[in-house]
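Student: My structure is below; once you've seen it, I'll send some questions.
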RNA sequence: GCGCAAGUGGCGGAACUGGCAGACGCGCCAGGUUUAGGUCCUGGUUCCUUCGGGUGUGCGGGUUCGAGUCCCGCCUUGCGCACCA
């Protein structure tokens, strides 16, 4: 029998933790009242005079491997923040659901031969157990799952809202801007009423069924387009641009991706490019993430200019340029190899007059040269094109164009440094002011005309891309000479527009969002096709379109290198499901349709889950508007750092998650949110007002002599004679590195092990105490014991380890401890409010240690305050101690301790006396000492006297803490 | 190549607007408790030192009475972008 049966061991911690988790669940402790909807509880809402707070974690994906110790970091942080805010009297909504559709689950299911629903649900069960054991204060009623028909019914509903919308760039918005999504029905009304003429002028009612559909489909925010897409044979599906890595491989699975022209569904996110870029000013996000989104959107301002072509009539080559001011320096043109005009430019027969040898690529005719170059370019992936470095290659097309500003004949080249996917796929080349064009000009002996005067000392063998006065830039009608870049741009655009040669223009790097996947495990499209191939949304009252339980859910995958394979969705194999009789409610009665066999990408479910959290049981709307306005509506004040005059867009109060979703999820969700806002479904204009990018926990991983990872748990550590650490695995030396926790580095550490060895509270405290939340930090299981010691001391300050009796005393706190207590309260409040949990823990540790050293037991006042302050971090032990201290209600809604400002300053402070900036002496002085008095006191000190024997040059006094004496 | 972060003890990290560098924790050292080990408790722990002090926040300069903090130039690491016209 142990002498300390009431010691706070991992075992006791476990008992306490599970008991409180049960109690919280039974009592619905963390259920946040809603103002409206099926769970309307206005009285409950009114009980929170402190207002409301919506705290959100990134939607977790239930992986088959279970959680590792890196996963809970953000969940713990938001839980601490949420619990702290509950104690401030706020109505806090915090919950967690599961993003459970998607590729990994499907891949896993295919591998194991089990249905993805089965494996997914098993994974959710495991993860839910692991998370529950952490003691997160989640509203358990709101744990939604994307794979549930009650959920994806609304995913499909949102899809239909977007499908049935068009973007009206002229429409005014409530926020004063122009451009917003409107229901397609309004477009129909405009056509029908004549407010908007049809392209050929016929009346709407005279158009055929298919003609009308074509007109509307061209305007919808979801469109089926024939476009160059990313085809991934290894996954058997097409992918969005955002899902393809820089190396031209799939984000998931790392398979090769090929460019293919295919007809596919896209969401017209490009219509929102400006707003997605501009509204970043209105949210509080890490600047890094805002920059990533801005780069991805890639907005650039410039002009479109048309160059007439020698050969054919009309057409001409349209280029986009950000430097229209340099038009006079355009000495040649370049088209992307895929550019459709290339063929029309190539003359029959041999090389035209003026062709230089370097331009021909050694071919006998332009046709041969161009065909050869295009074939070679087509055979390369984007990655291969880039791998070849910056060396410029290309061939002359044999065609000539005319520079519209000076009539100069300029040769037209094809070169793969111009990309078909950006701008118009054609450029005017201005070697003097563009490095790439300079390189090309140098390689192909093309002329260079400087049109911006470089500064003194500029290397004449390079392009000059900076600002400066224009030169060589005048014709009979317009002169830019002497103007700076900005003014020159403005003037030339004015002239181009007046002459009908071009116009100011904006282009974006952002492409429309390819939305369909030829896989099984996702939301089916709520779309059917009629006998004319026209797409119709499934009527709302017939949602959800349930994912059928097909016998063969494996996607048709191919050799990953087989670029010419074709996507084949698994749903297409279920002929019974594909063919359906429906009444669309359009007065034509039930008819036979063919279902769309694509499924939505994984992002679909995670684009709006935070909205469903607000009202998960609502079957009349995706969220009751009053609930959305309450939890997410705009706040009176804009976020910190927003430009003057900014209106708050609303959104989640705190969103915590990894930065890996900086462009994908965060951009898609903003897009959907804005569409729903435009259509009047949401009061908020942004989903995430404040986003905090957390760091990762890294764990040691070990490689053997061959560079292979070995199981980290089997590695032995040694210290050699020099005190250096060495590591061995099975006797053989291995080397250590730190990396992402997971199977591939064989360095998995499970929270389950931490629960067993220390308890959840210790684990929580350790993760929060490691360092700043935004930083990546190494995991060290051996150091966890420090957090356990803290809780053991806390426990011992309240409970006798031998008898289990209460140890606190009902004597008043001494003055010094009172001041320590109040200073701790003050510091901890500041730290909790700014997610500074590591420093909060340091302060609590100091207080705890101070109480430990008190003679004669810990006064109740201090013990209770400490328990309350520890509660957000280590809620179970805090609840247990609170109960043992005689309280019969949970401390979750207890007011957080308040510091008395009068107790934050001491009566006396230690003043530092410096001589020439070096600390030489200290004096105890009253904290309200006057400057002059302090100066006298300092100058009278023997050490100062000694140092200033030769006189005093100056004395700096910063009462009451510092005096710096500078001897002459 | 361009852009953005960050470099502080053996380790993770503290340090508000320039004002006692190293809070708190791990590890390590010493002492106490214990038959012993572990636990727990107390103290110590930048480096050098002739024990007076000197030195010290990636490197080199600068501003200042005073610099981890501000300025200039480098180095290293991490992240993002990378022919985007």
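Student: Compute the relative contact order of chain A as a whole-number percentage, counting only Cα pairs closer than 8 Å that sit 6 or more residues apart in sequence. Before the final figure, lay out each step's value.
Tutor: Working: 1856 pairs, mean separation 139.6, N = 968.
Across chain A, relative contact order equals 14 percent.
Student: Let me ask something else. Express the relative contact order of region A:176-330 as a whole percentage, based on alpha carbon pairs under 8 Å and six or more residues apart in sequence. It would help to have the intermediate numbers written out before the result.
Tutor: Working: 147 pairs, mean separation 20.9, N = 155.
Across region A:176-330, relative contact order equals 13 percent.
Student: If you average the C-alpha positions of region A:176-246 and of region A:1-70 separately, how far apart do those two centres end up, in angstrom?
Tutor: 46 Å
Student: Can you give the extra length, in nm with one decimal, that the chain gains between residue A:26 and residue A:958 once fully stretched, where that is 0.36 nm per residue apart less the Cα-Cα distance? Can you show the working numbers first?
Tutor: On the way: separation 932, 0.36 × 932 = 335.52 nm, distance 5.76 nm.
In short, 329.8 nm is gained.
Student: With a bin width of 10 angstrom, please list the P(r) values of region A:906-967 as percents of all Cα-Cα pairs, from the 0 bin to the one holding the largest distance.
Tutor: Spelled out bin by bin, region A:906-967 gives 25, 59, 15, 1 percent.
Student: While we're looking at this one, here's another question. Can you tell me what percent of all Cα-Cα pairs in region A:699-750 are more than 16 Å apart?
Tutor: Details: 479 of 1326 pairs.
That fraction is 36 percent.
Student: According to the square roots a ≥ b ≥ c of the eigenvalues of the Cα gyration tensor, what is the shape class of region A:153-228, taking rounded for a/c under 1.5, prolate for a/b larger than b/c otherwise, and oblate for the remainder?
Tutor: Values: a/c = 1.82, a/b = 1.20, b/c = 1.52.
Because a/c hits 1.5 or more and a/b fails to exceed b/c, region A:153-228 counts as oblate.
Student: For the Cα atoms of chain A, what angle does the longest principal axis make with the long axis of helix A:72-87, in degrees from 0 to 90, nearest 10?
Tutor: 60 degrees
Student: If packing is taken as the average count of other Cβ atoms within 10 Å, what order do A:946-959, A:642-655, A:410-423 fall into, highest mean first?
Tutor: Values: A:946-959: 12.9, A:642-655: 18.6, A:410-423: 20.9.
Highest to lowest by the protection proxy: A:410-423, A:642-655, A:946-959.
Student: Rounded to the nearest 10 degrees, what's the angle between the helix A:10-27 long axis and the longest principal axis of chain A, both from Cα atoms, 0 to 90?
Tutor: Helix A:10-27 and the main axis of chain A meet at about 70 degrees.
Student: Using a/c under 1.5 as the rounded threshold, could you call region A:300-507 rounded, prolate or oblate? The axes a ≥ b ≥ c are square roots of the C-alpha gyration tensor eigenvalues, and prolate needs a/b larger than b/c, oblate otherwise.
Tutor: Values: a/c = 1.70, a/b = 1.44, b/c = 1.18.
Prolate.
Student: Which length gain, in nm to one decimal place, applies between residue A:141 and residue A:714 when the Cα-Cα distance is subtracted from 0.36 nm times their residue separation? Before the final figure, lay out each step's value.
Tutor: Details: separation 573, 0.36 × 573 = 206.28 nm, distance 4.15 nm.
Going from the current span to full extension adds 202.1 nm.
Student: Going by Cα centres, region A:514-537 and region A:436-474 are how many Å apart?
Tutor: If we compute the Cα centre of each part, the gap is 52 Å.
Student: Can you sort A:138, A:718, A:339 by how many other beta carbons sit within 10 Å, fewest first?
Tutor: Values: A:138 25, A:718 10, A:339 20.
Arranged by neighbour count, lowest to highest, A:138, A:718, A:339 become A:718, A:339, A:138.
Student: Starting with the fewest neighbours, write out A:562, A:434 ranked by other beta-carbon atoms found within 10 Å of each beta-carbon. The partial results should precede the final answer.
Tutor: Values: A:562 14, A:434 23.
Least to most surrounded, the residues fall as A:562, A:434.
Student: What ranking do A:785, A:799, A:92 get, fewest neighbouring Cβ atoms within 10 angstrom at the top? Kindly include the intermediate steps, with their values, before the conclusion.
Tutor: Working: A:785 14, A:799 21, A:92 26.
Fewest-to-most ranking of A:785, A:799, A:92: A:785, A:799, A:92.
Student: Then there is this: At what distance in nm do the modelled label points of residue A:356 and residue A:481 sit from each other, each positioned 7 Å from its Cα along Cα→Cβ?
Tutor: Placing both labels 7 Å beyond Cα along the Cβ direction yields 2.7 nm.
Student: Given points 7 Å out from each Cα along the Cα-Cβ axis, report the residue A:563 to residue A:753 separation in nanometres with one decimal.
Tutor: Here the modelled spin labels are 4.6 nm apart.
Student: I need the peptides A:27-38, A:602-613, A:692-703 ranked by packing, meaning the mean over residues of other C-beta atoms within 10 angstrom, with the highest value on top. Numbers along the way, then the final one.
Tutor: Values: A:27-38: 18.4, A:602-613: 24.4, A:692-703: 20.1.
Highest mean packing first, the order is A:602-613, A:692-703, A:27-38.
Student: Assign one of three labels to region A:24-182, namely rounded, prolate or oblate, based on the Cα gyration tensor with a ≥ b ≥ c the square roots of its eigenvalues; rounded applies when a/c is under 1.5, prolate when it is not and a/b is larger than b/c, and oblate otherwise. Working shown, then result.
Tutor: Details: a/c = 2.04, a/b = 1.07, b/c = 1.91.
Taking the square roots of the gyration eigenvalues as a ≥ b ≥ c, region A:24-182 is oblate.
Student: Also: What is the extension gain from residue A:299 to residue A:175, computed as 0.36 nm multiplied by their sequence separation minus the C-alpha to C-alpha distance, in nm to one decimal? It would help to have the intermediate numbers written out before the result.
Tutor: Details: separation 124, 0.36 × 124 = 44.64 nm, distance 2.18 nm.
Gain in length upon complete extension: 42.5 nm.
Student: What do you get for the angle between helix A:287-297 and the principal long axis of chain A? Use alpha-carbon atoms, 0 to 90 degrees, nearest ten.
Tutor: Long axis of A:287-297 versus the principal axis of chain A: about 20 degrees.
Student: Separate question: Can you tell me the order of A:625-635, A:8-18 when each peptide is scored by its average per-residue count of other Cβ atoms within 10 angstrom, highest first? Let's see the in-between values first.
Tutor: Working: A:625-635: 20.6, A:8-18: 18.5.
Packing order, densest peptide first, comes out as A:625-635, A:8-18.
Student: Sticking with this structure for a sec: Along the Cα→Cβ direction, 7 angstrom out, place labels at residue A:846 and residue A:288. What is the inter-label distance in nm?
Tutor: Distance between label points: 2.9 nm.
Student: Taking Cα pairs under 8 Å and at least six residues apart, what relative contact order does region A:699-750 come out at, in percent?
Tutor: Values: 90 pairs, mean separation 22.1, N = 52.
Worked out over region A:699-750, it gives 43 percent.
Student: Taking just the alpha carbons, could you work out the radius of gyration and Dmax for chain A, both in angstroms?
Tutor: For chain A, the Cα-based Rg and Dmax read 34.6, 108 Å.
Student: How high is the FRET efficiency between residue A:966 and residue A:905 when r is their beta carbon distance and R₀ equals 45 Å, given to the nearest 0.05? Intermediate values should be presented prior to the final figure.
Tutor: Details: r = 29 Å, r/R0 = 0.64.
Efficiency, from the Cβ-Cβ distance: 0.95.
Coordinate-derived values only; no laboratory data. Treat the numbers as computed from the prediction; the structure is a model and nothing was measured. Counting neighbours? That spans all protein chains shown, and the Cβs are built from the backbone with ideal geometry, glycine included.
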